[in-house]
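Below is one structure, written out as structure tokens; comments come after it.
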Amino acid sequence: MNALIRSDLKQRTRGKRWWILLALWTLLLLALLAFVRSAAVRSQQFVSIEGQLRQAREPVGPTMFGSLMLFTLILACLIVPSLTSTTINGERERGTFAVLQATMLRPWEIFFAKFFSALATTGAFLLATVPLTLWCLSEGGVDVTRVVVTYLILVLLCAVLLAVGLMTSTFLRRPALSAVASYGVVFALTLGSLIIFGLSLVTAPTEEVTIEVRRGPDFTTEQQVIGWRWLLLAPNPFVVLADAAPRREVPRDQLTFGAPDPLAAIRDGARAIRRPPEMQFGGRAEVVGPEEEPPAVWPAGMAIELALALGAGYLTIRRLRIPAHRLAPGQRVA
Amino acid sequence: MSDSSTAITMPPPPSPDGMPAIRTEGLGRSFGSVHALNGFDVSLPAGEVCALVGPNGSGKTTLLLILAGLLGPDRGTASLGGINPTDHPFEVHRIVGWMPDFFGTYDDLTSFEYLELFGAAYKLPVNQRAPRARELLHLVGLEPLASSPVHTLSRGQKQRLGFARSIVHSPTILLLDEPASGLDPRARIELRDLVRRQKRDGVTVVISSHILTELEEMSDIVAFVDRGTCRGVYPLAELPSTSTMGRRYRLRALGSVEPALGALGCTWERVSDERAVVEIATEEAAADLVAQLVARSVRVVEMTPIGGGLEDAFLAMDQGGRS
Ligand SMILES: Nc1ncnc2c1ncn2[C@@H]1O[C@H](COP(=O)(O)OP(=O)(O)O)[C@@H](O)[C@H]1O
Ligand SMILES: [Mg+2]
């Protein structure tokens, strides 16, 4: 299996194309990060310091790092599926797969060899972002735990996409079709989960709740009961990534004037939907806010993602078993 | 098994001494409405080179896929060296080498790396992979191309690399699917030598083709395949065509052949003044005819059988089957 991984990697990286893609990826992220930095520095609020109005100088690290991770995830959603979504049917089409199956390699070995070689390729892309992360660290405000956890989540999310790609390339005979299918899954997880969550709110019942107001009388209003529907948004990779990334600890009562941290913003938004209806009202500043942070969304989201990956892996390995009894329409073994 | 409706009488299949290397019983496989195999029974003796001969679409590839443990049959059983490929595909892979009719290669690898990879895939010990790859490149004569990318190889060279790949793990049974198709005569001779060498090493070789003459020079026995069934297994030497069947010969002489042929009263067809096609029952009769022609001062320059023995036997069988 190691030999198969090695030869697979050798083939993936021998061409010039791969290096060009890697360079483009890095340059694009670098440009975006530089842009984010200048915007973050400039967008700091003006505060009165020793009687004079000056721009705040809070560390821009969190803004930069959060943006970097989101951009990386966006680009990964575009690139990672292509690493496996034509692997098996591509080999079948080129006539290299049947001879591989005729060896002593078990189906699970073939699956994991393809999986790990693609994961290593993904790893190279993520590794290319490490210098950019070091830049974020040097700007301050980001701690290393946060970085490590975020990268770990990124790797897991990419692994899910790789497993799904392998599945589509095993079950669908045409590479073009399996590529479309695996990008379809990416779409469903990202935009799709958002759209479906939004649509599901239409069917959500409403409930009359009493809102406590700090100064003045309480009032009652209709609020939606989101209930279980938060689960529809949970597998969204951006939600999982943002919610799982440890938050920068800022004391509750301390005001911040720096640029926003995009990961924290997504995280707050995502967690808010788990609040009970009486805590949902956020219209007025005097409303007594929720004391406790609502429970995390990401464990459920990650569980759904991992279940997807395991399911894809299981089905793929089962489909690769020999001798084959059922073939995809028009598929020949050799 | 021999089909009794066959027009010509064929000798009974040889009784295999000892256990057959390959045996199938009632093997059936359909793809949708196409019955690729239809109760295929065959038993092939160990240590021989067996030609699997049948027209396109007769089920040869399907049979070899089932024997190689890659495709599951709908009905029937197969066994190679006593192992059922459907139940124990990986045990069969240990002793069986398979070369498909069409296969690709990883273009970014060199010939050496390609064989090394398959050494690993067949789980050869790590320290044996490189030596085995070198040995095989030497065997198939690709040593000078060891470090060239596979996509620079010609079709014949690729075919030899594929052959080397199929024997990486020193199998005792070798399944070759149309290995000679598209090869020039020289490449075919090289292939024949490789196959013969495997036989010398005690390997049982099954080799398929729809071009019958292509296998005549490398096989010991012939199994005829027609519409998903086996129509008989015959030792090549006993094939009816070469001894008992009527054959056509191309005759050419310096000067006219007509008067002599007319006088001798045999069945013939005029092609031109100097050329004719003669129908002769046996090889003996053919030799006699040449002697008589020479005795009549016909200056014979050519007397060649048309079509190979296999071809004739096959056509006869085919017509027998259809009638
Ligand atoms: N995977 C497949 N799907 C559909 N039909 C197939 C498949 N494999 C073989 N066939 C059909 O089965 C028949 C036998 O094919 P094959 O075994 O390839 O014959 P041969 O190798 O003798 O030319 C043909 O009619 C072929 O079209
Ligand atoms: Mg074929």
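Quick notes on this structure:
- Test for A:Val209: is it of a type in the set (A, V, I, L, M, F, W, C), farther than 25 Å from A:Gln44 by Cβ, in contact with a helix residue (DSSP H, G or I) (Cβ under 8 Å, 6 or more places away or on another chain) and modelled with pLDDT under 80: yes
- Single match in B:Gly32, B:Gly72, B:Gly39 (criterion: touching a strand residue (DSSP E or B) at 6+ places or on another chain (Cβ under 9 Å), closer than 27 Å to A:Leu100 by Cα and in the same structural domain as B:Ala21 (by TED's automatic domain parsing)): B:Gly72
- Those residues of segment B:154-181 which are farther than 23 Å from B:Pro131 by Cβ, in contact with a His (Cβ under 9 Å, 6 or more places away or on another chain) and within 12 Å of another protein chain (Cβ to nearest Cβ), in sequence order: B:Glu178
- Any helices (runs of 4 or more DSSP H) falling wholly within segment A:44-144 and containing at least 3 residues that are under 30 Å from A:Arg6 (Cα atoms) and open to solvent by 30 Å² or more (accessible area, probe 1.4 Å): A:61-84, A:87-94, A:107-127, A:130-138
- Per-region count, segment B:62-112, residues polar (S, T, N, Q) and more than 12 Å from chain A (Cβ to nearest Cβ): 3
- Annotation note: of A:Leu231, A:Leu162, A:Leu154, the sole residue that is open to solvent by 20 Å² or more (accessible area, probe 1.4 Å) and part of a helix (DSSP H, G or I) is A:Leu231.
- Subset of segment B:157-182 (residues that are over 18 Å from B:Glu48 (Cβ atoms), more than 16 Å from ligand 2 (Cβ to nearest atom), in contact (Cβ under 8 Å) with a residue 60 or more places away in the chain and open to solvent by 10 Å² or more (accessible area, probe 1.4 Å)): B:His169
- Qualifying positions in segment B:22-41 - open to solvent by 10 Å² or more (accessible area, probe 1.4 Å) and more than 14 Å from ligand 1 (Cβ to nearest atom): B:Arg23, B:Glu25, B:Gly26, B:Gly39, B:Asp41
- Taken over segment A:90-147, the criterion of being acidic (Asp, Glu) and over 22 Å from A:Arg12 (Cα atoms) is satisfied by A:Glu139, A:Asp143.
- Candidate set: segment B:49-61, residues that are touching a residue at least 60 places away in the same chain (Cβ under 8 Å) and within 13 Å of chain A (Cβ to nearest Cβ); chosen: the one farthest from the chain's Cα centre (by Cα): B:Thr61
- Hey, A:Thr13 within 15 Å of A:Phe125 (Cβ to Cβ), within 14 Å of chain B (Cβ to nearest Cβ) and out of contact with any helix residue (DSSP H, G or I) (no Cβ under 6 Å at 6 or more places or on another chain) or not: yes
- Highlighted here are the helices (runs of 4 or more DSSP H) found entirely within segment B:54-156 that include at least 1 residues which are buried (at least 21 other Cβ atoms within 10 Å of the Cβ) and more than 16 Å from ligand 2 (Cβ to nearest atom): B:89-95, B:111-121, B:126-139.
The values are calculated or read from the model by the stated rules, or taken from the named source; none is laboratory data. Note that the coordinates shown come from a computational prediction; the quantities given were computed from them, not determined experimentally. Ideal geometry is used to build each Cβ from the backbone, glycine not excepted, and the neighbour counts take in all protein chains shown. Side chains are part of the model used for accessible areas, which takes the heavy atoms of the whole protein and leaves out ligands, DNA and RNA. Shrake-Rupley method; radii C 1.70, N 1.55, O 1.52, S 1.80 Å.
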